[in-house]
Amino acid sequence: MKVYLDNAATTKCSSRAAKQMIRLLEEDYGNPSSLHKMGVDAEEEIKIARKKIAKTLKVQEKELYFTSGGTESNNLAIFGSVNANCRAGNHIITTSMEHASVQQPMRQLEEQGYRVTYLPVDTDGILRLDALEEALDEQTILVSLILVNNEIGSMTPMKEAAEFIRKKAANAVIHADAIQAYGKMRLLLKNLDIDLLSVSGHKIHGPKGSGFLYIKDKTKIKPILFGGGQQKGMRSGTQNVPAIAALGEAAAEIYENLDESRDHMYQLRDYFIREVTRIDSVFVNGVRGTERSKAAPHIVSVSVEGVRSEVLLHSLEEKGIYISAGSACSSNKPSVSQTLLSIGLRHDLLESTVRFSFSGETTKEELDYTLECMADIIPFCRKFTRK
C-alpha cells in the first residue's frame with residue numbers, strides 16, 4: 001500500500017492542470033512577447049490564468065504577478081518592498097517561525113544594516129499580538145508574517161495583526177506568506193488588509209516552478225529581476241506559459257471544491273491527532289484542539305519520544321508511507337527547527353519530530369494503515385535506541 005502524507009512538501013499535480021500544461025508544451029507553445037498569432041495566443045493563456053486566480057482572492061487581475069514559486073514570491077515581496085521604502089525607515093518585523101525563504105532574506109537584510117525584530121509565538125505557535133504591538137514604531141517599513149506555519153500548521157491572526165500595524169505603523173508594507181494557506185481556506189484580501197501575498201503552485205496540485213505574488217495596487221515595491229520588462233517590468237523574464245496556465249487551472253479547481261475538501265481534511269486531522277496520541281509517548285505539537293481559526297486542516301506535527309525522526313521516516317517508508325522530517329526546503333541542510341525552538345519544544349524531542357500532511361485525496365483508510373504501522377514500529381525502534 002502506498003500512502004503519501006507529505007502534501008505540505010508538494011502535492012500531486014491534478015489531471016486538469018497537467019493536461020493544460022501538456023497542451024501548451026506540445027501545441028500552443030508560442031512566446032507571449034511575440035507579436036504573431038502564436039504569441040498573442042500565449043499571452044491570452046496568461047490572461048485567462050490571471051483571471052481564474054483573481055476570482056479566488058476577489059482581487060484585480062492587474063494585481064497578480066507570476067513567479068517561479070514561493071521562494072521567489074517571498075524574496076520579491078521582501079527585497080522589493082524594502083528597496084522601495086528604505087528612505088522611510090530601517091525596521092522590519094517578522095516572526096521567529098518563518099519559512100527559510102523569509103528567514104534567509106531577513107538575515108541578509110540584517111547584514112545590510114536593517115533592524116529586524118523576530119516576534120515570539122506561544123506554545124501553540126500562534127503569534128503574540130502584544131509583542132507585535134510593542135515592536136511597531138515609526139521606522140517600521142515592512143511586516144512579513146506566515147499565514148500558516150509549514151511545520152506545525154498554526155495560523156496567524158492576520159486580520160487582527162493588520163489592524164495593529166495600520167494604527168502604529170501606517171506606512172509599513174504588510175506581507176503574508178500564504179504558501180501553506182492558499183487553497184486551504186478562503187482568503188479575502190480586502191478583509192485581511194494586506195499589501196503582498198505569496199503563493200506556490202505545487203502546494204495546490206499545480207506544477208512545480210509556478211507561483212505568484214499579489215501586489216495591492218499602488219503598493220511601493222521595486223523589481224529584483226531586470227531584463228525584458230515582462231509583467232510591467234515587475235518580473236522580467238519570458239513567462240512560463242504552460243506552468244502559469246496549469247497554475248490557473250489548479251487554483252480554479254481547488255477553490256471549486258474547497259469547502260468539501262477542507263472539511264474532509266479537518267476530520268482527518270482530528271481523527272489522526274486523537275489516535276496517534278494513544279501510542280505511548282507520542283505527542284502532537286502546536287494546536288491540538290478543533291478550533292479552525294487557529295490550525296490549518298492539513299498539517300500535523302508529531303514528536304516520538306526515543307525515536308529519531310529519520311529512523312521513523314525511513315521505517316515508515318519501508319511500509320510504503322511517505323512523511324517528512326521537517327520542511328522539505330531545509331531537508332538538504334539539517335539543522336534544529338526554528339519553529340520547534342520557538343514553541344519551546346523539549347530539547348530531547350527536537351530531533352524526534354516528523355510531519356504528516358494531508359490533501360483532499362487522503363483517506364481514513366490510509367491513516368488507519370499508518371497508525372497501525374506506527375504502533376508496531378515505534379516500540380521496535382525504541383528497543384534499539386542508544387541511551
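Details
- Whichever residue in the stretch 342-385 is touching a Leu at 6+ places or on another chain (Cβ under 7 Å) and without any contact (Cβ under 8 Å) to a residue 60 or more places away in the chain and, among such residues, is surrounded by the fewest Cβ atoms within 10 Å (Cβ to Cβ): L350
- Top-ranked residue in the stretch 24-60 [being under 24 Å from D193 (Cα atoms) and part of a loop (DSSP other than H, G, I, E, B); ranked as farthest from the chain's Cα centre (by Cα)]: Q60
- Which numbered condition H314 misses (of (1) open to solvent by 40 Å² or more (accessible area, probe 1.4 Å); (2) at pLDDT below 95): (2)
- When L188, L132 are screened for being farther than 19 Å from N74 by Cβ, open to solvent by 10 Å² or more (accessible area, probe 1.4 Å) and among the hydrophobic types (A, V, I, L, M, F, W, C), only L188 passes.
- Considering the stretch 1-60, the residues that are among the basic types (K, R) and touching a Leu at 6+ places or on another chain (Cβ under 8 Å) include one that is surrounded by the most Cβ atoms within 10 Å (Cβ to Cβ), namely R50.
- Evaluated against (1) touching a helix residue (DSSP H, G or I) at 6+ places or on another chain (Cβ under 6 Å); (2) closer than 21 Å to Y4 by Cα, T277 falls short on exactly one condition, (1).
- Count - residues of the stretch 136-168 that are over 20 Å from the mean Cα position of the chain (by Cα) and open to solvent by less than 20 Å² (accessible area, probe 1.4 Å): 4
- In the stretch 275-295, the residues that are over 19 Å from M185 (Cβ atoms) and polar (S, T, N, Q): T277, S281, N285
- Of all residues making up the stretch 262-280, the number that are closer than 25 Å to M374 by Cβ, of a type outside the set (V, I, T) and surrounded by 15 or more Cβ atoms within 10 Å (Cβ to Cβ): 8
- Failed item in (1) surrounded by fewer than 24 Cβ atoms within 10 Å (Cβ to Cβ); (2) in contact with a Leu (Cβ under 8 Å, 6 or more places away or on another chain), with Y214 passing the rest: (1)
- For D368, the conditions (1) within 30 Å of I254 (Cα to Cα); (2) in a helix (DSSP H, G or I); (3) at pLDDT below 95 are fulfilled apart from (3).
The values are calculated or read from the model by the stated rules, or taken from the named source; none is laboratory data. Here the structure is a predicted model, which means the values were calculated and not measured. Cβ atoms come from the backbone with ideal geometry, glycine included; neighbour counts cover every protein chain shown. To get the accessible areas, we keep the full protein, side chains included, count just its heavy atoms, and leave off ligands, DNA and RNA. Shrake-Rupley method; radii C 1.70, N 1.55, O 1.52, S 1.80 Å.
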